[in-house]
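What follows is one structure encoded as structure tokens, with my remarks underneath.
The values are calculated or read from the model by the stated rules, or taken from the named source; none is laboratory data. Computed from a predicted structure; not experimentally measured. For neighbour counting, all protein chains shown are included, and Cβ atoms are generated from backbone atoms with ideal geometry for every residue, glycine included.
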């Protein structure tokens, strides 16, 4: 089993969520993605979550869905593993419906929620959670932040250089 199980509610969501797996792998973590609909196949959701928790290797579950977006809540109701919900856009409400149904969980069944279409942040948050017990993951996260800062400084320097030429 992987470090992180990524569940998507529809095959149409796979492209949007690919960045979560890429982010995790870039930080040295393993991820597995499965399509599992809370509405069309709730038994499969239950089986995947049960297997993830029983196996002991999965540390975090990322669940992404659009529209009514009950996948993350359905997952969280079946496990005590951390669940990160990714509300997906594309609906008539541009993902706000998915955001509200992902973030508004009842007391006792939390779902950490990232931005609409926030696959990268879901991957980073999962890595941060796992990094609590794995120093090498924490160091990779620090390095990622240092790289992002260096890129921002370089972009600013380029901008400053182009202004001088005007």
Report task. Can you confirm whether the range 102-111 contains a residue that is touching a residue at least 12 places away in the same chain (Cβ under 8 Å), part of a helix (DSSP H, G or I) and within 12 Å of residue 38 (Cβ to Cβ)? Result -> yes
Report summary line: Scanning the range 23-38 for residues that are surrounded by fewer than 18 Cβ atoms within 10 Å (Cβ to Cβ) and in contact with a strand residue (DSSP E or B) (Cβ under 9 Å, 6 or more places away or on another chain) gives 25, 30, 32, 34, 35
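Rundown of residues vs (1) without any contact (Cβ under 8 Å) to a residue 40 or more places away in the chain; (2) surrounded by 21 or more Cβ atoms within 10 Å (Cβ to Cβ); (3) assigned to a helix (DSSP H, G or I), yes/no style:
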position: 115; (1), (2), (3): yes, no, no
position: 122; (1), (2), (3): no, yes, yes
position: 127; (1), (2), (3): no, yes, yes
position: 144; (1), (2), (3): no, no, yes
Query raised in the report: With respect to residue 28, is the statement that it is assigned by TED's automatic domain parsing to the domain that holds residue 108, in contact (Cβ under 8 Å) with a residue 40 or more places away in the chain and on the phi > 0 side of the Ramachandran plot true?
Result: yes
Query raised in the report: Tally time: how many residues in the range 106-163 are out of contact with any helix residue (DSSP H, G or I) (no Cβ under 9 Å at 6 or more places or on another chain), more than 22 Å from residue 2 (Cα to Cα) and assigned by TED's automatic domain parsing to the domain that holds residue 74?
Result: 2
Query raised in the report: Of the residues that make up the range 146-156, is at least one within 28 Å of residue 57 (Cβ to Cβ) and surrounded by fewer than 22 Cβ atoms within 10 Å (Cβ to Cβ)?
Result: no
Report summary line: Filtering the range 52-82 for residues that are surrounded by fewer than 18 Cβ atoms within 10 Å (Cβ to Cβ) and on the phi > 0 side of the Ramachandran plot leaves a count of 1
Query raised in the report: Of the residues in the range 91-108, how many are surrounded by 14 or more Cβ atoms within 10 Å (Cβ to Cβ) and closer than 12 Å to residue 70 by Cβ?
Result: 6
